[in-house]
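Chemist: Just passing along the structure, written as structure tokens.
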Amino acid sequence: MTKVTLDMDTFKALASDTRLDILRTLDGKKMSLKDISYATKLNKATLHEHLAKLNEAGLVKKKEREGHKWVTYKLTWKGESLLHPENTRIVVMFTTTFIALWVGVIQLIWYVKGTVTNFDYTTLYQNGYNLKSGADAASNNATTLPVFEDIGGSLPENSRLILDSDGSGFNILYQNPMFLYIAIACFAIFTIALCLSLWRLWENKTPKL
């Protein structure tokens, strides 16, 4: 279980069963003085005194709406952490979970986009590639799209040819598999971390004080 450090004011505020009962009553809620009084069976004067001590210790905060007489009370993060010590750890776990998801999505996008290198037929011809029979090697203006010999065999793994729509050349699209592996690993981490976070959140619902 996560350790919670108590200062002197907090320790004094918790040295009362009544104030502990008030904290439990406010757990996950925002309540008025009347609502708290009804739930705890305490008169408003006594309740106001206890709430003042809890407020001084930083366990409860009150909110007054401007122009309204109503005052509501709720637990601070410190107060919630006393009842649910795992809160901070759960927040960190959820943060890690969604960072893993974000990184995985980015890696998958990079994999799908790949690295595109553009080639035109003239450049390839000048660099020693021969046109297949039926293509006009001299003018490079064949009615059918010329395809160069050995292009397929010279392509790196995980890459493919994409012909330009106007027939002026083609692109070589290379998709780095490392991006895909990282994306899969991130999605696996996301799934595991999400399950653990939800389980921790469920277990942490019950007040520990």
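The values are calculated or read from the model by the stated rules, or taken from the named source; none is laboratory data. Just so it is clear, the structure is predicted and the values come from calculations on it, not from any experiment. Glycine gets a Cβ as well: all are built from the backbone with ideal geometry, and neighbour counts include every protein chain shown.
Chemist: Please go through segment 59-98 and pick out each residue that is part of a strand (DSSP E or B) and aliphatic (A, V, I, L, M). Break it down into steps so the answer makes sense when it comes.
Modeler: The first filter runs over segment 59-98 and keeps only residues part of a strand (DSSP E or B), leaving 60-64, 71-75.
Within segment 59-98, 60, 71, 75 qualify.
Chemist: Could you tell me which numbered condition residue 103 fails, if it satisfies all but one of (1) at pLDDT 90 or above; (2) in the same structural domain as residue 22 (by TED's automatic domain parsing)?
Modeler: (2)
Chemist: Still on this model: Failed condition for residue 77, given (1) within 21 Å of residue 204 (Cβ to Cβ); (2) touching a residue at least 12 places away in the same chain (Cβ under 8 Å), with all others met?
Modeler: Status for residue 77: all satisfied but (2).
Chemist: Only one residue in 24, 19 is at pLDDT 85 or above and touching a His at 6+ places or on another chain (Cβ under 6 Å), so which one is that?
Modeler: Values: 24 fails: touching a His at 6+ places or on another chain (Cβ under 6 Å).
It is 19.
Chemist: Taking segment 71-86, which residues are touching an Asp or Glu at 6+ places or on another chain (Cβ under 7 Å) and surrounded by 19 or more Cβ atoms within 10 Å (Cβ to Cβ)?
Modeler: Taking segment 71-86 as the starting set, the residues that turn out to be touching an Asp or Glu at 6+ places or on another chain (Cβ under 7 Å) are 71, 75, 83.
Once the filter is applied, which keeps residues that are touching an Asp or Glu at 6+ places or on another chain (Cβ under 7 Å) and surrounded by 19 or more Cβ atoms within 10 Å (Cβ to Cβ), segment 71-86 yields 75, 83.
Chemist: Here's another thing I want to ask about it. Would you please name the residue that is farthest from residue 33 (Cα to Cα), looking only at residues in segment 43-70 that are loosely packed, with under 14 Cβ neighbours inside 10 Å and hydrophobic (A, V, I, L, M, F, W, C)?
Modeler: Here the answer is 52.
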